[in-house]
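What follows draws every value from the coordinates through simple rules; no lab data is involved. Here the structure is a predicted model, which is why all the values come from computation and not from measurement. Glycine gets a Cβ as well: all are built from the backbone with ideal geometry, and neighbour counts include every protein chain shown.
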Amino acid sequence: MTPRGLKNPGKLSHVNVTLQALLSCAPFVQVVCELEKCHIQKDEHPTLHAFSSLITKVDIPFYQSNGRREPFSAIIIFKGILRKYFAGLPQRPFDGRKNIDAQEFLAFMINEMHEELLKLRGSSSVQDNWETIQRTNISPAIWKKKFVPSELSDIFWGQQRTIVEPNGIFFLLIVQPFLVLHLNISPSSVHTIEDSLRLHFGTKNNEGCRSSKDYVGKNSSGKSTKIEKLPKILILHLMRFSFENSGFVKLDKPVQFPSYLEMENDLLASPTQHQRILYELVASVTHHGSKSSTGHYKADIKYPEGPWMRCDDEKIAPVSSSDVFHDHAYILLYERL
């Protein structure tokens with residue numbers, strides 16, 4: 001495919017960059033294209049139907065477009081989904097007065113498609129439900145978050161394992177899925193994505209932790225989190241917005257990120273001995289502005305075997321690698337090689 005510009009009626013650049021970023025994920029596009037054979041009904045599966053329609057409009061053969069690829073409005077295709085997303089907001093969804101966080105909208109879209117896929121397969125998700133895998137007096141308690149898989153879960157969802165060890169005696173093991181890794185970039189020690197990943201999956205000392213009634217009064221705990229399972233598409237959210245007395249403040253800090261990201265063994269619950277786990281960057285979303293409720297989003301995307309392209313609503317243009325890796329990204333999407 002060749003990227004097409006998307007019209008923006010006002011304050012909806014976060015929608016356009018989300019759609020462009022997802023279209024750069026080849027495994028996701030393949031799943032949606034396969035679903036076309038199922039004759040998805042718009043009323044029952046609106047998000048899947050909308051993405052199928054979007055891919056059809058983007059993937060227009062050159063001879064049918066007469067050499068012209070004019071921008072079009074994806075907002076119209078996703079209007080029903082957007083109304084659902086904006087339902088809890090005081091403003092009307094299309095009045096141009098509210099700009100929503102792109103990473104929140106990205107997670108919403110993927111979750112909606114996951115739920116619709118489960119419905120299409122005659123299943124349903126399990127909400128806020130945990131199961132105890134193992135618990136005895138001499139072995140650790142293992143809690144696992146129940147998760148019903150779909151065609152998308154293997155693409156976007158990973159799993160992380162957290163171990164809590166109060167006083168190094170008894171520990172609790174928790175396994176739960178993740179869709180987005182929210183990375184803290186504020187510490188002075190963080191200068192790269194690799195630094196933030198080491199911080200996120202490092203060992204922490206937490207005061208006041210309680211994990212067993214047998215250890216009441218024990219007020220120290222070691223807590224470490226590792227990656228149990230990696231997804232095909234790894235979504236990294238650089239936490240640039242924090243709440244202070246004056247409201248949400250943006251952290252305009254340079255953080256370097258590579259074209260190819262290697263997952264270090266120290267981050268993994270089960271380290272690999274002879275195999276490198278490598279990811280390639282396929283999309284980068286950047287927020288321009290000082291507040292989360294204002295500003296503008298742009299996306300740099302790369303289709304398989306294609307060049308880097310900058311998507312700025314209706315404008316689509318090639319961009320050099322030096323401009324892509326500008327150190328101020330907000331969301332990064334990496335595809336596993």
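Worth a mention:
- Across segment 224-235, coupling constants 3J(HN,Hα) worked out from phi with the 6.51/-1.76/1.60 Karplus curve, θ = phi - 60°, read 9, 10, 10, 8, 7, 8, 9, x, 6, 10, 9, 9 Hz, and Gly and Pro carry x.
- For the set K145/K229; K79/K119; K37/K119, the pairs lying more than 18 angstrom apart at their alpha carbons are K79/K119.
- More than 16 angstrom apart: percent of Cα pairs within segment 284-337: 45
- Sparsely packed GluC sites (Glu not before Pro) within segment 234-325, loop by DSSP, other Cβ within 10 Å at most 12: E305
- Close amide H partners of K253, meaning residues 5 or more places away or on another chain with modelled amide H under 5 Å apart, do not exist here.
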